[in-house]
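One structure is given here, and the rest of the page talks about it.
Values quoted throughout were computed directly from the atomic coordinates according to the rules given, and no laboratory measurement underlies them. Source: prediction; values computed, not measured. Cβ placement follows ideal geometry from the backbone for every residue including glycine, while neighbour counts extend to all protein chains displayed.
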Ligand SMILES: Nc1ncnc2c1ncn2[C@@H]1O[C@H](COP(=O)(O)OP(=O)(O)OP(=O)(O)O)[C@@H](O)[C@H]1O
């Protein structure tokens, strides 16, 4: 096992430090033990273990304690991180725990760190089958890569080419002790049903099932890489006018499979979840049918796509805002507006607008657009809506732009215009 592990880690990118995700189960105990044994080699990165305490199981404290005993014996530092793994509406408890776990593990990573988990070949085979049963395409059927970017570094799986019996043998030979999670026996969970009932039956007939399925996953990963390459090429020609947008007419000119392929890559690059098949088809239909400015909008959990003029915009769902919101600003200290994703500062005001906010007529208030606002530009009074239209600002952005008022006058449309001020006021 150690020889295979040494080879596997040599194929991983360099790292300053390895953080091992230690559940206390057999797989991660073997991984940590193996890495600790290799640790004496010249040039090995520093080693640290992280145990995520989900607080969900009656024995959760005992698992954390078990990890501590093991790490003390191996002289590997351990961090026990507690997380809130309560599921959101519509989320399964397993998905919530998994999400909280990977977030907590990513939070522990410093630049140059690598997260290592103990997924092995059987996990890979199960993942492929689960994805197949969900109707996944090549991206899902690629299952788990040997490594991928994660947090501020990367996430590697050095046991991915190893069989479970090899890990068990290593544990036996070294007298390792591990904990069993009794939820692993719950056949109500899809993965457990596959693991305990379906795969053993398949393995009787096809003894090298795990290797064969892992090979199929590798072939899918290769096909997916080519699709992603094609998508990246297509995205170059699809770029819309505004940064990060796509041109609707250019998308229309592609055949449907290429449209789908390019859009999936676009969401992936933006870190947004892809929609399910129904939502994707609804979007493609709107792309085909809507005219400019007819309000293309398709939403799904975690993302929304909107059309404005000829461009397609994708974003995380916009939080609802109260148009009556008013913030007061002293024009000196930074004013964070998290609902708008903006922080106002005197320095930024000077940079963007050449204005010293503290010199504006007090009190300074920040408001949102309610309709009917005007701004004097170069001596001419203009309706704000018209200015937004001329500048091509999409409607959903217009309502989120801070409007800084000096007394009762609109003085600054943040990032865009500085409305005419009485001679000399506020300007440096
Ligand atoms: N509580 C935990 N704390 C730290 N690391 C963990 C914890 N649970 C699991 N891990 C790491 O994640 C690996 C996979 O664990 P497990 O198979 O239970 O995950 P899963 O829920 O099936 O999801 P996935 O396989 O997608 O991570 C483990 O081998 C271990 O390295």
Heads up, the stretch 196-273 by the C-alpha gyration tensor (a ≥ b ≥ c square roots of eigenvalues; a/c under 1.5 rounded, else a/b over b/c prolate, else oblate) looks prolate
Taking Cα atoms, the helix 209-238 axis meets the longest principal axis of the chain at an angle in degrees (rounded to 10) of 20 degrees
Per the 1/(1 + (r/R0)^6) rule, R0 = 22 Å and r from the Cβ atoms of residue 69 and residue 89, FRET efficiency to 0.05 is 0.05
Highest GNM mean-square fluctuation among 153, 392, 372, for the chain with Cα springs under 10 Å, belongs to 372
Least to most buried among 280, 189, by other C-beta atoms within 10 Å and fewest first, runs 189, 280
Restricted to the chain, the DSSP antiparallel beta bridge percent, nearest 5, is 70 percent
In a Gaussian network model of the chain with springs linking alpha carbons closer than 10 Å, the residue among 182, 234, 210 that fluctuates most is 182
Residues 308, 102 in order from fewest to most other beta-carbon atoms within 10 Å are 102, 308
Taking alpha-carbon centroids only, the stretch 184-224 lies from the stretch 1-63 a number of Å equal to 24 Å
Placing one equal point scatterer on each C-alpha of the stretch 75-127 and summing with Debye, one gets log10 I(q)/I(0) at q = 0.25, 0.26, 0.29, 0.32 Å⁻¹ equal to -1.07, -1.08, -1.11, -1.16
For the residue 197, residue 288 Cβ pair and Förster radius 51 Å, calculated FRET efficiency rounded to 0.05 is 0.70
Fraction of alpha-carbon pairs in the stretch 291-428 farther than 21 Å apart, rounded to whole percent, equals 46 percent
With the convex hull built on the alpha-carbon atoms of the stretch 38-143, volume per residue in Å³ sits at 158 Å³
Over its alpha-carbon atoms, the stretch 2-206 yields an Rg and a Dmax in Å of 16.8, 49
Rounded to the nearest whole number, the per residue volume of the convex hull around the C-alpha atoms of the stretch 121-249 in Å³ is 174 Å³
Quick shape check on the stretch 239-315: root eigenvalues a ≥ b ≥ c of the Cα gyration tensor, a/c under 1.5 is rounded, otherwise prolate if a/b tops b/c, else oblate, and it reads rounded
Relative contact order in percent for the chain (Cα pairs under 8 Å, 6+ apart) equals 10 percent
Mean-square fluctuation maximum in Gaussian network of the chain, Cα pairs under 10 Å, restricted to 163, 79, 334, hits 334
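Seen from all sides and averaged, what is the projected area of the convex hull of the Cα atoms in the stretch 308-386, in nm²?
For the stretch 308-386, averaging the hull's shadow over all directions gives 7.3 nm².
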Per residue, the convex hull enclosing the alpha carbons of the chain has a volume in Å³ of 192 Å³
Assertion target for 420, 61, ordered by fewest C-beta neighbours within 10 angstrom first, is 61, 420
